[in-house]
1. When residues of the range 465-495 are filtered for being within 27 Å of residue 110 (Cβ to Cβ) and either free of Cβ contacts under 8 Å to residues at least 24 places away in the same chain or surrounded by fewer than 20 Cβ atoms within 10 Å (Cβ to Cβ) (or both), how many remain?
2. Would you check if residue 191 is in a helix (DSSP H, G or I) and either among the basic types (Lys, Arg) or touching an Asp or Glu at 6+ places or on another chain (Cβ under 9 Å) (or both)?
3. Output yes when any residue across the range 102-115 is surrounded by 15 or more Cβ atoms within 10 Å (Cβ to Cβ) and farther than 17 Å from residue 513 by Cα, and no when none is.
4. Identify, from the list 503, 497, the residue that is of a type in the set (A, V, I, L, M, F, W, C), in a helix (DSSP H, G or I), under 27 Å from the mean Cα position of the chain (by Cα) and under 30 Å from residue 255 (Cα atoms).
5. Just give me the residues in the range 577-593 being closer than 16 Å to residue 384 by Cβ and surrounded by 14 or more Cβ atoms within 10 Å (Cβ to Cβ), in sequence order.
6. Please work out if residue 394 is surrounded by 20 or more Cβ atoms within 10 Å (Cβ to Cβ), assigned to a helix (DSSP H, G or I) and touching a Ser or Thr at 6+ places or on another chain (Cβ under 9 Å).
7. Scanning for something surrounded by fewer than 24 Cβ atoms within 10 Å (Cβ to Cβ), touching a residue at least 40 places away in the same chain (Cβ under 8 Å), acidic (Asp, Glu) and closer than 30 Å to residue 509 by Cα, does the range 170-178 turn up at least one residue?
8. Would you please list the contacts, defined by Cβ atoms under 7 Å and residues six or more apart or on different chains, that run from a residue in the range 192-206 that is among the acidic types (Asp, Glu) to a residue that is open to solvent by less than 10 Å² (accessible area, probe 1.4 Å)?
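The values are calculated or read from the model by the stated rules, or taken from the named source; none is laboratory data. Every value quoted in this text rests on a predicted model; they were computed, and no experiment measured them. Here Cβ is always computed from backbone atoms with ideal geometry, including for glycine, and neighbour counts include all displayed protein chains. To get the accessible areas, we keep the full protein, side chains included, count just its heavy atoms, and leave off ligands, DNA and RNA. Shrake-Rupley method; radii C 1.70, N 1.55, O 1.52, S 1.80 Å.
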Amino acid sequence: MAGNIIDHSLLILGFIFTFFIPGFYVIETFFPKLPVRIKLPSIFLLSVILSSYLVYLVSLLVGFSRYSILLSFAFFIPWLVCSYKSIGRVFKKYFQNHKEALFMGVFIFLLFFLALYPAIFTEYEGYIVMASVNWQDTAMHQGIIQSLTQGNFPPQAPYYSGVSLSYYYFADFHSAIISTLYGRFFPRILVYDNPFFALIFTLSIYGLVYELTKKKIIALASAFSGTLFSSYLFVKFIYDFWQNFGKLSLIKNIVGLLSSHEYSMEYDQLFQMANMADYFLQNRPMMIGLPAVIIILLLSIFAYKKKDLRIIFLAGLIAGFLIKFQFFAVVVSLIVFTITTLFFFQKKKFKFFVKSALIFLAVFASCYLLFSNRSVNQQSFFSLVKENFSFGPWEREKNIFWHLRFIASNFGLPFFLTLLSLFWVIVRFFQKKPIKKEFFLLVSLSLVFFAIPYFVRFTIYKGDMFKFFYFMVVFMSIVSFWFLDLIFRKKLVLEILFGLLILVTTFSSFLTLTNSTLNKNMGYSLDELAAGLFIRRATPQKSVFITYPTVHSAVSEIGGRLRVLSYINWPYSHGYNTGEDNVFARLEDIESLYQKADDFNYTKTVLAKYNARYIYLGGEERDKNPNSETLFDNNQNIKKVYENNSVKIYEVK
């Protein structure tokens, strides 16, 4: 009983510590005069970032555990005792001035919570569900989280053992902090913390737009549309619904379609860009990257208006700390700050702007030198970018007409409204009429991030260039609502246009969220769950397993141990596609091991090569190599240490 109380108390403490306390301390101590609309989302974001880095640094000294986390938190206890009353004042003031934004943020949180609650690691009809868009990449993130909680620190890649985890994993480290404090197997952590990031994003967009326009209706519409931005894939839903019309009842038709179709993206087809709801359900690095970029822009604009170098320092600090959270957000932050500085530059304040640029870059460079990964697969980061760099659009095989349809289908009305906004700005410029530079700034940012994937490519996987589009659509959403407000003066007309724009830009996201609630894709069988819990309980931490390169694996996502090779796309896109120790070489070794399971010497050689101690034989391994079970049973170099109806685990003697 006492253990339960302690575990659950520490779980609650983990959420408070990682989402609120450090950021509140920094903002209230050093930036108390920030407007509350900027203060609250900044507190949330900074808390995620600072708690992760603080625990990381302490854990490098004493190891990552419940105790290192509590030691990190202890720093804030004296301050909390002295200033707890100010916490209530911040929330009270935000509620008094921006309660609509707070209600919207809570609504967004609940929307994602309800979508994730039945979708991640729930039992259904004799198996464990990993539903909808969470079926794939969530498994990789679960593997990172669970391996961290099981002592994989500083982490090796749990999906590619023997190499340090070069992937930007701090969003998962943040979740591992909470899970480690809880002290139990907690795969459903994502159900509870992912929605917080959607809430932070909503409040960040609202704060930015209200700062620029001072109009709540534009800020609220932009925040809602930006958080749930989606393509016109809902047209396919309407078509599918019509095809079944009359064959099924209305409810059965809708439920049937949304149980089996995500309506988020169609891989390598016209609707290639997943909607924003998809990202906040499962793309954990972007959950940090998106709100961080918005807050960096907001802080930069506010700093230039107030001529406050301290806030420039804060913006640079956030950008620098992103180095372990999301690479694309780092690049975007530098571009955003540079363009914002150019827009606000004043010749008579030349020294101030030079100081601003130097402070931002100095803080950013310090974080980069201290915390960035210098190499991936024995290649420097810059050589990796250089190797994959080329000019031209991300999609080289399609003609211009396909790209025009892609733009219309995935970006829709906000793209064309942004082009109209650019034309409107140009006309007003030649007419010598006033133009608000913040509006032109957002138009420019939209077009810059639209242009990047069309002019250059530097990623291994071409679809990763889409990350720039996700930042673009946020700015385009803001521009669209602001532009409509500038053009149409009648309130009723404006409300109708806003409503229609919100509908077409968010409809597909609601379909994806509903699919997440209804879908029942299998992630793990109950036998795999039992095997994973055995691995977690009975094998040494950091043990290396040989498995088939599957998406889901009880070894990593449940047991928290390391695999020689996972689903190939993960290590491949993270830089392990070339060199002597590449994904294809490992795949060949693994396939040969299962095919030659009775070859004593070969088995011993492969196990030794990867410092592997265990061989996992589950459904996928049996399907690919039906004879492997008999062969392994006869192999004198290994012994069976676990068996249930569908899983066997062998250990090297």
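1. Qualifying residue count for the region: 1.
2. Details: in a helix (DSSP H, G or I): yes; either among the basic types (Lys, Arg) or touching an Asp or Glu at 6+ places or on another chain (Cβ under 9 Å) (or both): no.
No.
3. The answer is yes, given that some residue of the range 102-115 is surrounded by 15 or more Cβ atoms within 10 Å (Cβ to Cβ) and farther than 17 Å from residue 513 by Cα.
4. Testing whether each residue is of a type in the set (A, V, I, L, M, F, W, C), in a helix (DSSP H, G or I), under 27 Å from the mean Cα position of the chain (by Cα) and under 30 Å from residue 255 (Cα atoms) leaves just 503.
5. 577, 578, 581, 582, 583
6. no
7. Within the range 170-178, none of the residues are surrounded by fewer than 24 Cβ atoms within 10 Å (Cβ to Cβ), touching a residue at least 40 places away in the same chain (Cβ under 8 Å), acidic (Asp, Glu) and closer than 30 Å to residue 509 by Cα.
8. Every condition considered, the pairs that remain are 193/175; 193/178.
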